[in-house]
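To keep things clear, I will list the structure first and then write my remarks on it.
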Amino acid sequence: ACHELLKKKFAARGAITLGDLYHEDDIIFGPALSEAVDIEQNRACYPRILCTDTLMEFLSPINNKIEGLVRDQHRNWVVNWAFGAPQFVLPELDSIVKDKIACSSKSLEKWMYLQQILPVMYASRRSL
């Protein structure tokens, strides 16, 4: 889904964690939500979906090479936007990122991050 957002020139960021959460109708609260929001606001400064240490500790005994996740250039585990996406999408996304870099001074750093991480994501992706 993230690659579909990027095709519309919208770069998403966020965090995934594991923990207590209360969710009923339109009411959501709990320490897991607070942690995810804090990480999104303070650490996910680039377009990426960070995975918390809590989540990675939970997943590591299950599978030490977790499909759908990659390490970015900052050594953080992030959701692989390319997981399940067809290979032919990469040149289109790369073109969008290059256009954004060429005309964007305000958010240049985030688009440069994407330019570096997208090939890594596509290299480690698996089509569904």
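The values are calculated or read from the model by the stated rules, or taken from the named source; none is laboratory data. Here the structure is a predicted model, which is why all the values come from computation and not from measurement. Cβ coordinates were reconstructed from backbone atoms using ideal geometry, including for glycine residues, and neighbour counts include every protein chain displayed. Just so you know, the surface numbers come from the protein's heavy atoms only, side chains and all, with ligands and any DNA or RNA stripped out. Shrake-Rupley method; radii C 1.70, N 1.55, O 1.52, S 1.80 Å.
State all residues of the stretch 7-65 that are among the hydroxyl-bearing types (Ser, Thr, Tyr), at pLDDT 90 or above and touching a Phe, Trp or Tyr at 6+ places or on another chain (Cβ under 7 Å); if no residue qualifies, say none.
TYR22
Between residues in the stretch 42-61 that are part of a helix (DSSP H, G or I) and residues that are buried (at least 16 other Cβ atoms within 10 Å of the Cβ) and of a type in the set (Ser, Thr, Tyr), which pairs lie under 6 Å by C-beta distance while being six or more apart or on different chains?
Hits for this filter: THR54/THR17; LEU55/THR17.
For the stretch 30-48, give me each residue that is open to solvent by less than 70 Å² (accessible area, probe 1.4 Å) and not small (Gly, Ala, Ser).
The answer is LEU33, GLU35, VAL37, ILE39, GLU40, TYR46, PRO47, ARG48.
Tell me, yes or no, whether the stretch 92-100 has at least one residue that is among the hydroxyl-bearing types (Ser, Thr, Tyr) and free of Cβ contacts under 8 Å to residues at least 12 places away in the same chain.
yes
Could you look through the stretch 68-92, keep only residues that are among the polar types (S, T, N, Q) and touching a strand residue (DSSP E or B) at 6+ places or on another chain (Cβ under 9 Å), and pick out the one that is most open to solvent (accessible area, probe 1.4 Å)?
Checking each candidate, the answer is GLN87.
Within the stretch 1-16, which residues are in a strand (DSSP E or B) and not aliphatic (A, V, I, L, M)?
Listed by number, the list holds a single entry, GLY14.
I'd like to check something: does the stretch 17-36 contain any residue that is outside any helix (DSSP H, G or I) and under 18 Å from the mean Cα position of the chain (by Cα)?
yes
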